[in-house]
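The structure appears below as C-alpha cells.
Just so you know, all these numbers are worked out from the coordinates, no wet-lab data involved. Just so it is clear, the structure is predicted and the values come from calculations on it, not from any experiment. Positions of Cβ are generated from backbone atoms using ideal geometry, with glycine treated the same way; all protein chains shown enter the neighbour counts.
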Amino acid sequence: MMQRFAINTATFGFQYPIEQSIDAIAAAGFGGVAPWRREIEGQDVSAIAKRIRDAGLKVTGYCRSTYLPSLTREGLQANIESNRRALDDAAILGANSFVMVVGGLPKGSKDIAAARAHVAEGTAQLLEHGRSLGVRIALEPLHPVYTAERSCLTLLSEALNMCQQIEGIVSAPSLGVCLDVYHVWWDPNLKRDIARAGVEKRIFGFHVCDWLVPTADVLNDRGMMGDGVIDIPSIRAEVEKAGYQGLIEVEIFSEQNWWKRPVVEILKVCAERLTTSV
Ligand code: ZN
C-alpha cells in the first residue's frame, strides 16, 4: 500500500547512514527513496545503488545540485563541474531524476538577472551531460522567500519557461520540474501551470509536506502532512490529472520536531498521513 510513496532521507534529519535509511524505508513498505549527495559522495556509489535495488526501492530523485550562479565565469564553470559529477552518481544510482535547486544571488551580488542567466547557461550544459548518461534533470522552483540565498527560480511557470527555452517542446523531455507543495501551494496560477506541465510531460517529481502556521523557520520547520494549511489532496489531484504517475515523495525538514524523533516513528506517522492527508 505504501509502494506509491517514497521517503526523502532528509526527513530523518540524517540520523542514519544511508544504508540504514534504505533498510528502514524498505522495511516500512515504501516504494522509493531520495538520497542526498552528503550521504553518497565519497562512498562506494555502486554498492549503495545495489543495496537500494536489492531492497526493492526506486530512486525518485538525487538531491541536489550545487548552486549555479557565481560572481565569476570560473566560479560558474566550477559549479557546473560539481553538478556534472553529481549527475554521474545519479546515473549509477538509477535516479529517476537529478534534482536541481538552482541557487540565488552569489555572495556580494545584487544582480538577480545575472544569477538567472547563469542558471540558464549552467542548466543547458548539464542537460547535455544528463542526456549522455540517460539522467533526467528536474528543476525545483522554490518559494520566493528563498530567492536571495537558494533559488532565483521561484514560479512553476518560470521553471517551465526555462525548460522550454533550453530544450524546446519535445515528446520525451529530459528537462522537467519537481513540484514541491511547500514551494508552490500559494501560487494563484498553480492549477493552470500544473496542467501545462502535464501537457508538456515535464512533471518529474512530486514532494509533499505541510506549511505550519505559525512557521518558526522557513527552512527547517516544515510540517507533517495534515498539520498545516496546504490542501495537499487537491494539489495531488491536479498533478495526477496532469498525468503524473510517479512516486509521491515525503520531504520534511524539521529540526525541532520530527528530526528529534526515532526513524521508525517518523516512518509510521508518514505512512498514516499519506493515507489520510495526501
Ligand atoms: Zn522538495
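I'd like the projected area of the range 2-276, averaged over all directions, using the convex hull of its alpha carbons. Report it in nm² with one decimal. Don't jump to the answer; show the numbers that get you there.
Values: hull surface 53.9 nm².
Mean orientational projected area (the range 2-276, Cα hull): 13.5 nm².
Taking only C-alpha pairs under 8 Å that are 6+ residues apart, what is the relative contact order of the range 2-276 in percent? Walk me through the numbers before you get to the answer.
Numbers: 550 pairs, mean separation 52.6, N = 275.
Relative CO of the range 2-276 lands at 19 percent.
Using modelled backbone amide H atoms (1.01 Å from N, in-plane), which distant-in-sequence or interchain residues come within less than 5 Å of PHE206's amide H?
Placed amide hydrogens put LEU179, GLU249 under 5 Å from PHE206.
How far is the Cα center of the range 1-49 from the Cα center of the range 110-184, in Å?
25
Only helical DSSP H runs with n ≥ 4 go in: add -39500 (n - 2.57) per run for the chain, normalise by residue count and round the 222 nm mean residue ellipticity to 500 deg cm²/dmol.
For the chain, the value works out to -13000 deg cm²/dmol.
Take every Cα pair under 8 Å in the range 58-157 that's 6+ residues apart, average their separations, divide by the length, and report that relative contact order as a whole percent.
The normalised contact order for the range 58-157 reaches 33 percent.
Could you tell me the distance between the Cα centroids of the range 188-243 and the range 259-278, to the nearest Å?
18
Less than 15 Å apart at the alpha-carbon level, and either on another chain or at least 8 residues along: which aspartates and glutamates does that give for LYS241?
ASP193, GLU200
Determine which lysines satisfy two conditions relative to LYS260: a Cα distance under 25 Å, and not lying fewer than 8 residues away in the same chain.
Result set, ordered by chain and number: LYS268.
Once amide H atoms are built 1.01 Å from N in the peptide plane, which residues 5 or more positions from PHE98, or in another chain, come under 5 Å H to H?
So PHE98 has HN proximity to TYR62, ARG136, ILE137, ALA138.
What's the Cα-based Rg to Rh of the range 95-218, Rh via Kirkwood?
0.97
Calculate the dipole size of the range 2-276 relative to its Cα centre from +1 charges on Lys and Arg beta carbons and -1 charges on Asp and Glu beta carbons; express the result in debye to the nearest 20.
Numbers: 29 positive and 33 negative charges, 77 e Å.
So the magnitude is around 360 debye.
Under 5 Å between amide hydrogens, which residues at least 5 positions from VAL33 or on another chain qualify, with H placed 1.01 Å from N in the peptide plane?
ILE7, LYS58, VAL59, THR60
Taking θ = phi - 60°, what integer Hz values does the Karplus form 6.51 cos²θ - 1.76 cosθ + 1.60 yield along the range 22-28, in sequence order, with x for Gly and Pro?
4, 5, 5, 5, 5, 4, 7
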